[in-house]
1. Which log10 I(q)/I(0) values does the range 111-245 give at q = 0.10, 0.11, 0.23 Å⁻¹ under the Debye formula, counting every alpha carbon as one identical point scatterer?
2. Roughly how far apart, in whole Å, are the Cα centres of the range 55-92 and the range 179-232?
3. List the lysines whose Cα sits under 23 Å from the Cα of Lys41, skipping any in the same chain fewer than 8 residues away.
4. What accessible area, in Å² to the nearest ten, does a 1.4 Å probe give for Arg57?
5. For the range 106-120, what does the Karplus curve 6.51 cos²θ - 1.76 cosθ + 1.60, with θ = phi - 60°, yield as ³J(HN,Hα) per residue in whole Hz, taken in order and with x for Gly and Pro?
6. Once every DSSP H run of n ≥ 4 in the chain is given -39500 (n - 2.57) and the sum is divided by its residues, what mean residue ellipticity at 222 nm do you get, rounded to the nearest 500 deg cm²/dmol?
7. Given R₀ = 51 Å, FRET efficiency for Lys163-Lys28 by Cβ-Cβ distance, to 0.05?
8. Leaving out ligands and nucleic acids, and using a 1.4 Å probe, what accessible area per residue does the chain come to in Å²?
Amino acid sequence: MSIIFDIETRPQTKALELLKSDFPNFDKDIVPIGNLKDAEKIKQKIIDAGIAHELKRAEFDNKQHKKACLDADYGMLSAIGVLHLESGEREIIDAKDESKALATFWHFIDEVRSLGQWAFGWNIEGFDIPFLLGRSRLLGVHYDPYMVINYRYFDKCFVDLHKVWTFGAYGKFCSLKKASKALGFQHKELPVTGGTFYENWESDDEASRDFARQYLIEDLEQTLLIAKATHGVKEGEKQNDLFNA
């Protein structure tokens, strides 16, 4: 039961607030006014400095938001997308109960490993697997520690298609969208990004949730296209002999 998987994450609310709190508050008393004497000009200089400060705050907040989404210590799972290659089923594991979602995912991986099959993903060694392991450790969710070899390599069942696509070139990064576009993938215009996925997914509005669902499924479809191109993956078939062909 080889699979393709992709995760979507979100910030932990309290952790994000703490990260954002590192930015100092605006202090009008330290605004340099030079030799200005005119009260109106001084007032305007302070106003301009306050605006500039808030623009920097917004930029800082965006960086902290991204940091929290990418770091297991500050972020958490929102959902896990799984494409089961043998059955063709596309599944989204809701991480509202994060521990349960992680346990479900590791169960899939245990089955994949026991059958000598494969778990494909994009940049999974750089992000997805470390994030999943990190969250599992913090939440006390069991996983097989032997999946991690010398704290540097991961079990052979994992196939990082980003490394395959870039031929393992050190420091080279290629986005999933760029790679799949090169193979002719027709992308949908969706009002969702990796950073806003959780807002749509957790929304009470069904249309917003559906956009999030489409976004994650499309990520799986893009990854499937790359797995087909690089490894000859086919849906509806077992993938045991991929690396022995």
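1. -0.41, -0.49, -1.41
2. Cα centroid to Cα centroid, the span is 13 Å.
3. Reachable lysines: Lys28, Lys56.
4. Rounded to the nearest 10, the figure is 50 Å².
5. Result, ordered by residue: 5, 5, 4, 5, 4, 5, 4, 5, 5, 9, x, 10, 10, 10, 8 Hz.
6. Result for the chain, helices only: -14500 deg cm²/dmol.
7. My answer for the efficiency is 0.50.
8. Value returned for the chain: 58 Å² of accessible area per residue.
The values are calculated or read from the model by the stated rules, or taken from the named source; none is laboratory data. Everything quoted here is computed from the prediction, not taken from an experiment. Positions of Cβ are generated from backbone atoms using ideal geometry, with glycine treated the same way; all protein chains shown enter the neighbour counts. Heads up: the accessible areas ignore ligands, DNA and RNA and are worked out on the full protein's heavy atoms, side chains in. Shrake-Rupley method; radii C 1.70, N 1.55, O 1.52, S 1.80 Å.
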